[in-house]
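Laboratory data are not the source of any read-out in this text; all were calculated from the coordinates shown. On a predicted model such as this, the values are computed, not experimentally measured, just so you know. Neighbour counts run over all protein chains shown; Cβ positions are idealised from the backbone, glycine included.
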Amino acid sequence: MSNEIVLKGMGTSAGTAEGAVCVINSRADFNKFKEGNVLVTKITDPTMVMIMNEASAIVCDIGGITSHPSIISRELGIPCVVNTKEATSKLQDGQKIIVNGTTGEIFVA
Amino acid sequence: MKWIDEFAKGSFGLFAGNTIANFQPIDFYRFFPMWYDIWVGRIAKCIRALDLQNKSFKEIKHLLPTPSNMRAMLIKIIATYPAWREKKVKDTKLVTDFLARMLIECCPKDPFAISTNPFHNEDEVKKIISNISLSQSEIEDARLLGKLNTAAGSLVHGIYNDVVTDFAWDVYGPYVLEKDEEQYTMLIRHFPDLNPKELWPLEFLSRTKELVIYNLYQGVTWEISAVGCHTISKIGNPVEGMKLFAVYGDGKLLSETEIKNLVVELSEKAEKIYKKIRSMNFEELKEKVMLQVCYQLKKLFVEAAVDWKPTGEMIERIKDRPLPKGLLPNDIMMTSVKQYREVFNIQKFEDEVLNSR
């Protein structure tokens, strides 16, 4: 893949997916989430189940292999990258990215 | 019995590339030392009262939680032991040796889930396959079951938080088996208690208490590690590779419509309970976490005629007190078993407790 890397974290659910970023900082942001978006947040929690089910990939600032986003992504069969430290500040709504849940790399699409 | 080395290898998976600061809703590795000595002493009392040292897993399995839950209990006892107020060496040795023996008996091929969680033997797997009603799986079915797992798992994360998630969410296998001359790999996802009325009001709980999901795959290689309840597909796509499935709620086979309804119910309850948790203050959270921990062994305590709930002495230890500092580093990522053994006090525990006379 020759695209530019924008972030690197820990890949905790394998696979690759492309989608537009939707940054979720609070529940107020849930309404802007569209099916196929990449869910970008500090760390997911059970209030986000509905939008996680519609996400093409999940990217988090913190977390590990057994954290909520990692476990859920593996069950859904979508890529997940955690522990990026700055995904919510570096990625912007609508930005097209490619998430590689195997290597933990995030590219500009 | 020398089990600690295998235990260290298996439990390292839970922390590899992780920091303990990620656990929710409070830093329980700092919280447990405030009262764990009393709780472990009470477990020892139950073991002695029921003479469990001399009983096999088969005889008492109805009193015990899932294997992943027993592994997680060991981790928490061992890691926090050095900071306990009272070092109950004999009780602690009795309890940890007992849990380790139960794991060795119930999962003899991989007691500490280094790469599998083989809770059933070959005969039991055959019996399961002949007793369940399997359906062919299309990609849409696999996605629906992914959503069901997500919803049930998220409700578990609400009901039990990260504290004892393993109590209500285990995965057994992978079991390689043959059915109708085809070879499959089976995972059994088990949610044994989605309805603990002792912990939360009914409005937050599922109407279904026990959920069991049988997934049969082809072309997918699975690993189950990190205490046992965590699945990782090493080769193949779990959605495309799922070929047969069955979902049972409280022993009843669920139809596609019932599964869809359950996904909605569990997702809504998960959201509701987590909002409640977020509204709780620090004192309420401490008491709730203590209750969640004690609930794990309710059946055992009831059998031994010992009150399973936190005692006044346990509650007094935590009331209006901050969490102690400095036991385990919050921000250091675990990168090797050797580092993990040192940071999580495993060597210290072996020297002080397991090797004690």
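Cβ-Cβ distance of B:GLU122 and B:THR221, R₀ of 22 Å, FRET efficiency by 1/(1 + (r/R0)^6): the value works out to about 0.70. Of interest is the spacing of the C-alpha centroids, which for the stretch A:1-75 and the stretch B:78-137 amounts to 32 Å.
The amide H of A:SER13, built 1.01 Å from its N in the peptide plane, has A:CYS80 as neighbours under 5 Å, considering only residues 5 or more places off or on other chains.
Think of the protein assembly as shown as a dipole: +1 on every Lys or Arg Cβ, -1 on every Asp or Glu Cβ, centred on the Cα centre; then among B:ILE315, B:PHE7, A:THR16, B:ILE315 lies furthest on the positive end. Our summary gives the stretch B:113-259 a relative contact order of 29 percent, counting only alpha carbon pairs under 8 angstrom and 6 or more residues apart.
Here the peptides B:248-258, A:92-102 are ranked by packing, the mean other Cβ count within 10 Å, and the order with the highest first is A:92-102, B:248-258. Shielding of peptide B:222-230 by partners, expressed as the average count of other chain Cβ atoms within 10 Å per residue Cβ, is 2.
Springs join every pair of Cα atoms under 10 Å in this Gaussian network model of chain B, and among B:LEU205, B:LEU262, B:LEU63 the largest mean-square fluctuation is at B:LEU63.
Over the residues of the protein assembly as shown, the helix contribution to mean residue ellipticity at 222 nm works out to -11500 deg cm²/dmol, using -39500 (n - 2.57) for each DSSP H run of at least 4. Please label the shape of the stretch B:145-192 as rounded, prolate or oblate, based on the square roots a ≥ b ≥ c of the eigenvalues of the alpha-carbon gyration tensor (a/c under 1.5 means rounded; beyond that, a/b larger than b/c means prolate, else oblate). Prolate shape, in that a/c is at least 1.5 and a/b is the bigger ratio.
Straight-line cross-link partners of B:LYS309 among the aspartates and glutamates, defined as a Cα under 16 Å from its Cα and at least 8 positions apart when in the same chain: B:ASP37, B:GLU198, B:GLU284, B:GLU287. For the stretch A:5-108, the dipole from Cβ point charges (+1 on Lys and Arg, -1 on Asp and Glu) about the Cα centre works out to 140 debye, to the nearest 20. Here B:LYS325 is the anchor, and the aspartates and glutamates within straight C-alpha reach of less than 13 Å, apart from those fewer than 8 places off in the same chain, are B:ASP27.
Counting only the Cα atoms, the protein assembly as shown fills a convex hull of 142 Å³ per residue. May I ask which residue of B:ILE232, B:PRO201, B:LEU148 lies farthest towards the positive end of the charge dipole of the stretch B:122-278, with charges of +1 (Lys, Arg) and -1 (Asp, Glu) on Cβ and the Cα centre as origin? Final value for the positive-end residue is B:PRO201. A viscosity of 1.567 mPa s and a temperature of 4 °C, combined with the Kirkwood radius over Cα pairs in Stokes-Einstein, give a translational diffusion coefficient for the stretch B:122-278 of 81 µm²/s. Neighbours of B:GLY219, meaning other residues whose beta-carbon lies under 11 angstrom from its beta-carbon, give a summed charge of 0 when Lys and Arg score +1 and Asp and Glu score -1.
Quick one: net charge of A:ALA14's neighbours, Cβ under 15 Å, K/R +1, D/E -1? Cβ neighbours under 15 Å give a net charge of -2.
Along the stretch A:39-51 the Karplus relation, 6.51 cos²θ - 1.76 cosθ + 1.60 evaluated at θ = phi - 60°, assigns HN-Hα couplings of 6, 10, 7, 4, 7, 6, 8, x, 6, 9, 3, 4, 6 Hz to successive residues, with x for each Gly and Pro. The ellipsoid that matches the Cα gyration tensor of chain B has semi-axes, each √(5λ) in whole angstrom, of 33, 24, 20, with the longest given first. Within the straight-line cut-off of under 27 Å between alpha carbons, the lysines reachable from A:LYS34 are A:LYS8, A:LYS42, A:LYS85, A:LYS90, A:LYS96, B:LYS147, B:LYS260, B:LYS269, B:LYS272, B:LYS275, B:LYS276, sequence neighbours fewer than 8 places apart in one chain being disregarded.
Counting Lys and Arg as +1 and Asp and Glu as -1 over every other residue whose Cβ lies under 14 Å from the Cβ of A:PHE107, the net charge comes to 0.
For peptide B:263-272, the mean count of partner chain Cβ atoms within 10 Å of a residue's Cβ comes to 3. So, in Å, what gap is there between the alpha-carbon centers of the stretch B:274-310 and the stretch B:36-54? Result: 18 Å between the Cα centres. Between B:PHE191, B:SER56, B:PHE282, the Cα set farthest toward the positive side of the dipole of chain B (charges on each charged residue's Cβ, about the Cα centre) is that of B:PHE282.
Mean partner shielding of peptide A:7-20, defined as the number of other chain Cβ atoms within 10 Å of each residue Cβ, is 2.
Largest GNM mean-square fluctuation among B:ASP166, B:ASP123, B:ASP110, using chain B with Cα springs under 10 Å: B:ASP123.
Semi-axes of the equivalent ellipsoid for the stretch B:1-93, computed as √(5λ) from the eigenvalues of its C-alpha gyration tensor and ordered from largest down, come to 24, 18, 13 Å.
Only Cα pairs under 8 Å and 6+ residues apart enter the sum, and on that basis the relative contact order of chain B stands at 27 percent. The Rg/Rh ratio for the stretch B:282-337, using Cα coordinates for both the radius of gyration and the Kirkwood hydrodynamic radius, is 1.12. Peptides B:208-219, B:176-187 ordered by packing proxy, namely the average of other Cβ atoms within 10 Å per residue, highest first: B:208-219, B:176-187. Is the C-alpha gyration tensor of chain A telling us rounded, prolate or oblate? Criteria: a/c under 1.5 is rounded; beyond that, a/b larger than b/c is prolate, otherwise oblate. Because its axes are fairly even, with a/c under 1.5, chain A counts as rounded.
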